Amino acid sequence: MAEPIRVGVIGAGHLGRHHARILGTLEGATLAAVADTQRTRAVEAASAAGAAVFADYRELLDAADTVDAVVVAVPTELHHQVATAFLERGVAALVEKPMARTLEEADGLIAAARASGATLAVGQTERYNPAVAAVMPLVTSPRFIEVHRLGVFPDRSLDIDVVFDLMIHDLDVIASLVKSPVTSIEAVGVPVLTEKFDIANARLRFASGCIANLTASRISRDRVRKIRFFQPDAYISIDYAAQEVEGWRLVRGDGARPAIQGGALPVQKDEPLRRELADFVGAVRDKCRPLVDGEAGRAALELATRIAEKMESV
């Protein structure tokens, strides 16, 4: 049996605590350290696994030989600074989404990983949703995609627009399925409760002819996470939160009237974040590419940036 991958979690806030929880029991990994400027949070996240506690990522960096990989779950403005420090030392990094504030910072992370040979993964968690995995082979020629990602007002991630906070999940999923350049974007955003855009709608046209209409909101009363794909003779719907999939298709017989077949499709439910961490740990151990690598994270960030720029120009 290979030695478990020793992982440190940097940032013990909402997401960091969940990373630490899962890593404490994940096969093939061990939670070796937790770093947070609020020591109480770090201690709470580290306690179950008996992990070492550090007051700052720099302290962990000075003891970098105690970890093989890190999860960077600090505010977005610090992603580049923190992750680069570890990547340059050859320590693998899983960086929460969005991977950086700008495309230049994202390019810097990719370059640092390439130079040292360290694994770089990006936390686009919906790509690890079992419901998304179930439809990947079925979405072959989408012509229209409709997305609704709505949530109640949060107490975190208010330093970024809703496009980078919520919509970017769906941009990553769509980019992985459509595999065609975006030729035009229409977008509008409204800063309702903060100085950032709290609700946004974007309409993307791809070179393939596919059109995607996305709505993201963090000021809704209800929580909705749904995406629908329409393609010739088929309709596929995903409820991300419930991890449920429906598929319908038109079956044409020899001279007979076409029949509609379909219904609920089987999904082996699991926690997407656990699958994400397992993929990251496996990529570090086997020295292979994670499902969502730096280039994929950058592609989602590029689309989100183009949408944000379009909203700001309206």
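The values are calculated or read from the model by the stated rules, or taken from the named source; none is laboratory data. Since we're looking at a predicted model, the values are computed, not measured. Neighbour counts run over all protein chains shown; Cβ positions are idealised from the backbone, glycine included.
Below are the figures for this structure:
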{"quantity": "Enumeration of residues in the range 55-72 that are more than 17 Å from ALA29 (Cα to Cα) and either without any contact (Cβ under 8 Å) to a residue 24 or more places away in the chain or of a type in the set (Lys, Arg) (or both)", "calculated": "ALA55, ASP56, ARG58, ASP62"}
{"quantity": "Positions within the range 83-112 being closer than 21 Å to GLU59 by Cα and assigned to a helix (DSSP H, G or I), in sequence order", "calculated": "ALA83, THR84, ALA85, PHE86, LEU87, LEU109, ALA112"}
{"quantity": "Wholly within the range 195-314, strands (runs of 3 or more DSSP E) carrying at least 3 residues that are in contact with an Asp or Glu (Cβ under 9 Å, 6 or more places away or on another chain) and either at pLDDT below 95 or not assigned by TED's automatic domain parsing to the domain that holds PRO137 (or both)", "calculated": "244-251, 259-265"}
{"quantity": "From ARG21, ARG89, ARG17, residue being closer than 21 Å to ARG114 by Cβ, basic (Lys, Arg) and in contact (Cβ under 8 Å) with a residue 12 or more places away in the chain", "calculated": "ARG89"}
{"quantity": "Residue within the range 111-120 that is more than 30 Å from ALA33 (Cβ to Cβ), in contact with an Asp or Glu (Cβ under 8 Å, 6 or more places away or on another chain) and not aliphatic (A, V, I, L, M) present", "calculated": "no"}
{"quantity": "Matching option when the condition is touching a residue at least 60 places away in the same chain (Cβ under 8 Å) and of a type in the set (Gly, Ala, Ser), among ALA212, ALA259, ALA241", "calculated": "ALA212"}
{"quantity": "Lone qualifier among ASP165, ASP222 - being charged (D, E, K, R), buried (at least 20 other Cβ atoms within 10 Å of the Cβ) and closer than 21 Å to PRO272 by Cβ", "calculated": "ASP165"}
{"quantity": "Qualifying positions in the range 225-256 - within 29 Å of the chain's Cα centre (by Cα), within 27 Å of LYS269 (Cα to Cα) and not hydrophobic (A, V, I, L, M, F, W, C)", "calculated": "ARG225, LYS226, ARG228, GLN231, TYR235, SER237, ASP239, TYR240, GLN243, GLU244, GLU246, GLY247"}
{"quantity": "Members of the range 291-310 that are closer than 15 Å to GLY123 by Cβ and β-branched (Val, Ile, Thr)", "calculated": "VAL292"}
{"quantity": "Conditions (1) crowded, with 19+ Cβ neighbours inside 10 Å; (2) in contact with a helix residue (DSSP H, G or I) (Cβ under 9 Å, 6 or more places away or on another chain); number of the one not met by PRO266", "calculated": "(1)"}
{"quantity": "ALA300 being out of contact with any Phe, Trp or Tyr (no Cβ under 8 Å at 6 or more places or on another chain) and over 21 Å from LEU166 (Cα atoms)", "calculated": "no"}
{"quantity": "Those residues of the range 7-32 which are in a strand (DSSP E or B) and either within 11 Å of ALA49 (Cβ to Cβ) or touching a Leu at 6+ places or on another chain (Cβ under 6 Å) (or both), in sequence order", "calculated": "VAL7, GLY8, VAL9, ALA29, THR30, LEU31, ALA32"}
{"quantity": "Per-region count, the range 270-288, residues touching a helix residue (DSSP H, G or I) at 6+ places or on another chain (Cβ under 6 Å) and among the basic types (Lys, Arg)", "calculated": "2"}
{"quantity": "Single residue of the range 279-303 satisfying the filter (more than 20 Å from PHE86 (Cβ to Cβ) and either of a type in the set (Lys, Arg) or crowded, with 16+ Cβ neighbours inside 10 Å (or both)) that is nearest to the chain's Cα centre (by Cα)", "calculated": "ALA300"}
{"quantity": "Top-ranked residue of the range 52-71 - restricted to ones that are among the acidic types (Asp, Glu) and over 26 Å from the mean Cα position of the chain (by Cα), ranked as surrounded by the most Cβ atoms within 10 Å (Cβ to Cβ)", "calculated": "GLU59"}
{"quantity": "One residue from ARG221, ARG225, ARG249 being over 14 Å from ALA134 (Cα atoms) and free of Cβ contacts under 8 Å to residues at least 24 places away in the same chain", "calculated": "ARG249"}
{"quantity": "Selection within the range 225-259 - surrounded by 19 or more Cβ atoms within 10 Å (Cβ to Cβ) and among the β-branched types (Val, Ile, Thr)", "calculated": "ILE227, ILE236, ILE238, VAL245"}
